[in-house]
1. Taking only the alpha carbons of the chain, what extent do you get along each of the three principal axes, in Å, biggest first?
2. Each residue of segment 205-215 in order: what ³J(HN,Hα) in whole Hz does its phi give by Karplus 6.51 cos²θ - 1.76 cosθ + 1.60, θ = phi - 60°, with x for Gly and Pro?
3. List the residues whose amide H sits under 5 Å from the amide H of Ser234, counting only those 5 or more places along or on another chain, with H placed 1.01 Å from N in the peptide plane.
4. Provide the packing ranking of 98-108, 124-134, i.e. peptides ordered by the mean count of other C-beta atoms within 10 Å per residue, highest first.
5. Take a quick pass over segment 1-145 and tell me how many lysine pairs come in under 23 angstrom between Cα atoms, counting only ones 8 or more apart or on separate chains.
6. Compute the angle between helix 216-225 and the longest alpha-carbon principal axis of the chain, please, reported from 0 to 90 degrees and rounded to the nearest 10.
7. Return the sequence-ordered ³J(HN,Hα) values of segment 50-59 in whole Hz as given by the Karplus equation 6.51 cos²θ - 1.76 cosθ + 1.60 applied to θ = phi - 60°, using x for Gly and Pro.
8. Given H placed on each backbone N at 1.01 Å, which residues far from Met66 in sequence or on other chains put an amide H within less than 5 Å of it?
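Just so it is clear, none of the values below were taken in a lab; they were calculated from the coordinates. Keep in mind that this is a model prediction, so the values were computed, not measured. Please note: Cβ atoms are built from the backbone with ideal geometry, for glycine as well, and neighbour counts cover all protein chains shown.
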Amino acid sequence: MNAFRQLMRAAGSKPPIGTWISSASPIVAEAMGCAGFDWGVVDMEHAPLDMMGLVHLLQALGNTKMVSVVRVPWNDAVMVKRVLDAGATTVLFPFVQNAAEAARAVAATRYPPLGQRGMSGMSRASKFGTVPNYLKSADGGMGVIVQLETPQALAQLEAIAAVDGVDAIFIGPADLSASMGHVGQFTHPSVMQAMADAARRCKGLGKPVGTIGATPEVVTQYRAMGYDYLAIASDMGLLMSGALAAVKSLRGMSDTPHVHSLQTGTQTDAA
């Protein structure tokens, strides 16, 4: 059973809370897992993370209860193959625009004849060949989340959600706001309206939908809209906001960078 699907089924009326792992640091990732987050996105799109680094982060998170989701840099079957062999079981695909792209994402996570994942008998995913019948059973344990980030993608939401193998939708407010002409204004009324509409439509389809907010206040607004799983900021965003607040408090310097600007910058990186 896929861990992310299990998390969603067990959530009930309380949306699981997660964060972004953008530091590319195993020790920071493990610390975030120990903090109590239900799930976390190991980011390969905007973080300086290579394949060996991914293995180290997955090993670190394996020591915690945090359910790991790996965001690949792009909807690329070669990259997905390597990420799955490294041990990822749920993949977040950025910038999915239509049902065909969603179907391509799912196919990258399945072995033939259902998909096009390349076979390897000695990968970390199969515990180096010790999992019985891994090649026959692996497909059932894979999770796929597709990220919608433009008005054009939102217009195709129903078709994308209907693709067999798509487990959940994720709405990226940062890129969505930019594509709507509101760069950096993640909570612009038009953006928030689009976010609320997406949540309503996913609810009607029975498809889990998630998003990310820079602050608890914004995340609370998304939760009120009906989002099923939510992330707040990132490891680096939370670290920097705390660090800047401490420096500002002790020095009282008016030229200390504003904490909120870094939090929103984190959201830009994350979504």
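1. Projected onto the principal axes, the Cα atoms of the chain cover 61, 40, 32 Å.
2. Those phi angles translate into 8, x, 9, x, 9, x, 7, 9, x, 7, 9 Hz.
3. Those lying under 5 Å, H to H, from Ser234 are Trp20.
4. Numbers: 98-108: 19.6, 124-134: 12.7.
Top to bottom by mean Cβ count within 10 Å: 98-108, 124-134.
5. On the way: Lys14/Lys65; Lys65/Lys127; Lys81/Lys127; Lys81/Lys136; Lys127/Lys136.
Number of lysine pairs found: 5.
6. Relative to the chain, helix 216-225 is tipped by roughly 60 degrees.
7. So the Karplus estimates, Gly and Pro as x, are 9, 5, 5, x, 4, 4, 4, 5, 5, 5 Hz.
8. none
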